[in-house]
Amino acid sequence: MTTTKIALVTGGSRGLGKDMALNLAKKGIDVLLTYNSKQDEAQAVVSEIEQMGQRAAALQLDTSNVASFDAFFEQVKPTLAQTFQAEQFNFLINNAGTALYAPFAETTEEQFDQVFNIHLKGVFFLTQKALPLIADGGRIINISSGLARFSMPGSSAYGSMKGAIETLTRYLAKELGPRGIAANVVAPGAIATDFGGGRVRDNAELNKQVASATALGRVGVAEDIGGVVAFLCTDEARWINGQRIEASGGMNL
Ligand code: NDP
């Protein structure tokens, strides 16, 4: 059996999840990442991690489809055995997600259900079903958003789900403490990724608006986030539990 620690990162094919995966590998942690549709990009991340000397694998997962989770974990088990010579993993990073920008008055039930499924129900049940595979002493990191603390028009449904996983995280910390499992939230500010059609990155006006609301004077980039998540998986971070760590450059202080 391996003694190297292993992280499962959902949505590790692109954006923040990719940077998390690479930073975890930099710290000597092996990575099992998931993708939804972009298998090639996921495989490229796997290759990059392997070149860094760590083990990695990628599996398909739609985190909005709870009915698929049992089958997913049936795939995780042989992957752990074959690629990582392990029966369990140590860190679960609930990162996968998509954006919804819709004014409160116009948000449809379908849109609400979509963000609910990906950002709350999926995180809740994926974590629940992962419990037997998370090693005692492990960690859970849920990715929230600055939008759970401050409000911007158009994010009522999305921001509400992120607020809910922050509450969930405190319950996870409390209920999993007896197993030595810590649970924390990392809440990024607005980051220039593909998220939301890449609007923080590509919409010059929004980019300027976010930069001017940020104490450090620019929008975030993926590389601002991955190292924070990786730090929470180190021994140095072992006493941090049930906390929300915002990485936003000081947005809307
Ligand atoms: P990206 O759009 O860059 O990447 C999204 C990732 O999630 C991809 O790996 C994608 O897989 C995966 N994914 C999308 N939908 C699903 C699904 N239904 N099931 C499983 N995986 C899925 O987004 P970011 O990296 O920017 O966002 C990552 C997380 O950070 C999200 O939870 C988001 O809410 C949060 N966040 C983002 C901020 C930002 O401004 N960017 C700010 C605050 C929080 P594939 O490549 O296969 O499509």
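Given a 1.4 angstrom probe, what's the average accessible area per residue across the chain, in square angstrom? Numbers along the way, then the final one.
On the way: 11910 Å² over 253 residues.
Solvent-accessible surface per residue comes out at 47 Å².
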At q = 0.07 Å⁻¹, what log₁₀ I(q)/I(0) does the chain have when each alpha carbon counts as one equal point scatterer in the Debye sum?
-0.22
Looking at the calculated P(r) for the range 90-139, what percent of the C-alpha pair distances fall above 16 Å?
50 percent
Between Gln85 and Thr167, what length in nm is gained on full extension when 0.36 nm per residue of separation is reduced by their alpha carbon distance?
26.1 nm
Calculate the length of the line joining the C-alpha centroid of the range 63-122 to that of the range 177-192, in whole Å.
16 Å
How large a share of the accessible area of the chain, in percent, is made up of carbon and sulfur atoms when the probe is 1.4 Å and the other protein chains stay in place?
50 percent
Of Lys162/Lys208; Lys26/Lys129; Lys5/Lys77; Lys5/Lys26; Lys38/Lys129; Lys26/Lys174, which sit over 22 Å apart, Cα to Cα?
Lys162/Lys208; Lys26/Lys129; Lys38/Lys129; Lys26/Lys174
Kirkwood Rh in Å, taken over all unlike Cα pairs in the range 140-253:
14.8 Å
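Given only helices, namely DSSP H runs of n ≥ 4 each adding -39500 (n - 2.57), what is the per-residue ellipticity at 222 nm of the chain, to the nearest 500 deg cm²/dmol? Mind dumping the intermediate values first?
Details: 9 runs with 103 residues, N = 253.
Result for the chain, helices only: -12500 deg cm²/dmol.
The values are calculated or read from the model by the stated rules, or taken from the named source; none is laboratory data. Predicted, not measured: the structure shown is a model, and the values here were computed from it. Protein only, heavy atoms only, side chains kept; ligands, DNA and RNA dropped before computing areas. Shrake-Rupley method; radii C 1.70, N 1.55, O 1.52, S 1.80 Å.
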